[in-house]
Each structure stands twice: as C-alpha cells, then as structure tokens.
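Read the structure below first, then the notes.
The values are calculated or read from the model by the stated rules, or taken from the named source; none is laboratory data. Computed from a predicted model, the values in this text were never measured in an experiment. Heads up, the Cβs are rebuilt from the backbone with ideal geometry, glycines too, and the neighbour counts pull from every protein chain shown. Heavy atoms of the whole protein, side chains included, go into the accessibility calculation; ligands, DNA and RNA do not. Shrake-Rupley method; radii C 1.70, N 1.55, O 1.52, S 1.80 Å.
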Amino acid sequence: MLKKVTLSFFSIVVYLGCSISLLAQNHHHTHDFSHHANENNAIAHHQHHTGNSADEAPMQAKLETGQGDYIFSWDQELTAAFPEAAHEFEPRMHGGFNEDPETGIVYTGIPGYGLCAITADLKNWSVLGTDKRLKDNIHGIVFFVHKGEKYLAVTQEGKRVLVLTLDGTIVSEILKPTGNEFKFEPANAFFASEDSNFGVTDVTYLRGTLYVAHGYSKGDFVMTIKEKNGIWNWGKLAWGGKGDNPGQFQTAHGIYAHDNKILVANRAAGQVVRFTKKGKFVETFNDIPAGSLVCNVSYKDEHYFLNALEAIGDQKSAPLYVHSGEDLVSTVIPGDLDIPVLTNIHQVWPHFVTENGSKQLYLLVHGWNKGKYAVLKLEK
C-alpha cells in the first residue's frame, strides 16, 4: 500500500513539473519578437498574455524606421494600388516622380508600360498618351506651368528630352546637342566630338527655363532648354563638367528647383549642391553620411528628402534622408520594413494626402536594380 501511494505521489509531481515547464515555455514565446532597426526609437510593445487560452496570440509589432518627427511604416494597401497590368514591367523601373501641386496628381514612368498619372489619394493609376516614345525609360520627370499652361518634361537617357501636355501629347522633342548651342565651351567641345553620348538623367523647371542634368557621361553638365514660339530647344546656358572643384560634378544625377535655386544631386560625390539659376555655385549640403550615392532631392514639409542609390555598411537597403538644409534630421531604411525586393533606390518623393481636412505625409519610393514601387507612411 505504501508503495502504491509513493508511486502515485511521484507521478503527480512529475506531471506538475512538466506542466509548469510547458507554461513557462509558452509565456516565454509570447514575449519573443524580432527587433527591427528603428535607430533610436523604441519599437511598439507586444500585448502581454493575460488570459488562460492557449490560442491567444501576441500582437505583432509594427515595423518602423526613422528618427524624431520622421518615422515611417510601410503602407501595404497603397503600395498594392500599383496597376496589375504593370507588374510584369515593375522590375525595369528606373525613374522617379513629380506632381501637380494644384491637383496632387503624381506622374511617373514605367519602361515598357508607359507614362502614368497617380491620383492624389494614391489609389488609382492611369496611362497617359499613346505615343510609343512614352514607353521608353523615363529617367527623370518634372511637372511645370509655363505661360499659364501645364506641361510635363521627361528625360530619356541616350535618346531625348520630351516636353508634353498632361494628356500625353508631345509638344517638342529635344535631341542631342551638336556642339554649337551653348555659351560654355567645354559643353560645345564635348558634343562636337564623335565620342560624345547623350546621358540625360533628370530635368527641372525654373522661371521659363528647363534645366537638364547630363550625368551619365564624361560630359557631366547641367544644360538648359528654352521655349520660343511654342517650340522648346537648347538654350545658351550650361555649366559644370567632370571634376571635384566647386561647380563641377561626379555624375550630376538628379536636379530640382526650389526657392529660386537649382539643386543638383551629385551622386558619386555624395553631395547635394545648390546653384543660382545662372549656374553660380552657392553651397553644398552638410551632414550627408559618407558613402551616400545621392540620386535625387525634393522638398516638402519644410524639409528636403534625399535618397542614396545603395545600402551603406550593413543597412538592409539604400537609405532615405530627411534633411533641413543644414542638418540630417532622420535616416529612413526601407529595408527595415521587410518590403520584398526593394534594395536599391532611385528616387524618393514626398506627397501629402488630404482627407477630412487632415494632411498625411507619404513617401513614394522608386526602386532600381530589381525594380520596386513602395509607399511609406509617416507615423504620428
């Protein structure tokens, strides 16, 4: 009888020990989560397991990236608004964005698919125009108003610059200079050479003039285009050239007009350079991390938004930067948000969506290499 009692007691102890161990393991897994880089901001807390149900799962933390007032998450719903018919062309993406500030419509190009307009709420896409040239790669794009009319201009590296109306009707096609257009001898000498190429990368507009970056070339210039009698063609102003001196470039990749100045993303030098509209060097932005291959620059919400082409060090993707013009405010790493495919980045574009009188800031990301479109949302 004593042996039976002892055996029963021993069995109960073993059973209780195993049960406590199992409960402890379940409690441990409830709090086990992967920490994703949110450089100096705490990631959201998981809910604690308060009930007795073994089926109750912990809340997954939202992935975020950035610092201070500029912390972003991935908006998967708006990203998925990318047109289904364009999916086969998405890996070729190699351009950027621009928008009509009056309507909020965003414009971009997808090689092989065409020139696209995205509604201000970022939910619907449409293709503009039927001209087959608009299916060529649109490497840079600008919306502008000239003499009261709205236009787009696009650069197509190796081919042309196009000026067109918002319905996709081409107004002017500007081809490679011949070498006698500019009041800048280095540019004329370059284009007069049989070895010259047409490496246009981006375009912007300021006070009646289009400014074109020509960075995919040994002839690393900014050039201008002017309108006369409704036709656009090369203007006299050009500047730059390959080099390290102020006013010279190491791949003038992106170009952007703001506050009556011309900003150039000097990619290989990792710089954003400010010029007057006449091409006089003003200054270079400070506080851009070393090794940043800065592709483009844009402005919204009293800040500049820049992007590097590729990751630096152990970053999971190329970084995006929010910059005051004086200091770096936030470093945003889309790779920390587990966005599929996105590693290299060609442009970031800030965009406000207004709903019920409230403005929400988003970042539109144009991937490169494997191609990817993504939308990031500013977290309040």
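From the protein chains alone at 1.4 Å, what is the descending order of accessible area for 274, 207, largest first?
Values: 274 30, 207 165 Å².
Reading off the accessible areas and sorting them downward yields 207, 274.
Can you give the FRET efficiency for residue 380 and residue 84, using 1/(1 + (r/R0)^6), R0 = 22 Å, r = Cβ-Cβ distance, to the nearest 0.05? If you can, show how the numbers build up before the last one.
Numbers: r = 31 Å, r/R0 = 1.42.
FRET efficiency, residue 380 to residue 84: 0.10.
A straight chain from residue 338 to residue 207 at 0.36 nm per residue would run longer than the Cα-Cα distance by 43.0 nm.
Here the scattering of region 315-380 is modelled by Debye summation over its C-alpha atoms, one equal scatterer each and no solvent; at q = 0.12, 0.16, 0.19, 0.20 Å⁻¹ the log10 of I(q)/I(0) is -0.33, -0.57, -0.77, -0.84. Partners of residue 316 within straight-line reach, counting lysines whose Cα lies under 16 Å from its Cα and excluding those fewer than 8 residues away in the same chain: 370, 372. The heavy atoms of residue 303 offer some 30 square angstrom of accessible surface to a 1.4 angstrom probe.
If you place +1 on the Cβ of every Lys and Arg and -1 on the Cβ of every Asp and Glu, how big does the dipole about the Cα centre of region 65-151 come out, in debye to the nearest 20?
Working: 7 positive and 13 negative charges, 86 e Å.
My answer is approximately 420 debye.
For residue 107, the accessible area of its heavy atoms, probed at 1.4 Å with every protein chain present, is near 10 square angstrom.
From the protein chains alone at 1.4 Å, what is the descending order of accessible area for 317, 324, largest first? Mind showing how you got there, number by number?
Numbers: 317 0, 324 45 Å².
Largest accessible area first, the list is 324, 317.
In a simple Cβ point-charge model (Lys, Arg +1; Asp, Glu -1; nothing else charged), region 176-281 has a dipole of about 420 debye relative to its Cα centre. Applying a threshold of 23 Å to the alpha-carbon distances of 277/377; 159/236; 159/226 flags 277/377 as lying beyond it. In order along region 113-129, the Karplus-derived 3J(HN,Hα) couplings, from 6.51 cos²θ - 1.76 cosθ + 1.60 at θ = phi - 60°, round to 9, x, 7, 10, 10, 10, 4, 4, 8, 6, 9, 9, 10, 9, 9, 9, x Hz, and Gly and Pro are given as x. On the basis of the beta-carbon distance and an R0 of 35 Å, residue 244 and residue 92 show a calculated FRET efficiency of 0.60. Computed from the alpha carbon positions, the gyration tensor of region 133-230 leads to an equivalent ellipsoid with semi-axes of 23, 15, 11 Å, biggest first. Using a probe radius of 1.4 angstrom, the carbon and sulfur fraction of the accessible surface of region 101-141 is 50%. The trypsin sites (Lys or Arg not before Pro) of region 279-339 that meet both conditions, a loop assignment by DSSP and at most 16 other Cβ atoms within 10 Å of the site Cβ, are 280. In order along region 319-326, phi translates into HN-Hα couplings of x, 10, 10, 9, 10, 7, x, 10 Hz, rounded to whole numbers, per the Karplus curve 6.51 cos²θ - 1.76 cosθ + 1.60 with θ = phi - 60° and x for Gly and Pro. Per-residue SASA remark: residue 338, around 80 Å² accessible (1.4 Å probe; ligands, DNA and RNA not included).
Looking at the P(r) of region 197-342, how many percent of alpha-carbon pairs lie beyond 20 Å? Don't jump to the answer; show the numbers that get you there.
Details: 5009 of 10585 pairs.
Value for region 197-342: 47 percent of Cα pairs lie more than 20 Å apart.
Probe radius 1.4 Å, ligands and nucleic acids left out: which of 224, 103, 331, 354 has the largest accessible area, and how do the rest follow? Show your work: numbers first, answer last.
Numbers: 224 0, 103 60, 331 25, 354 90 Å².
Highest to lowest solvent-accessible surface, that is 354, 103, 331, 224.
Given the C-alpha centroids of region 230-302 and region 309-372, what is the distance between them in whole angstrom? Each part reduced to its Cα centre gives a spacing of 20 Å.
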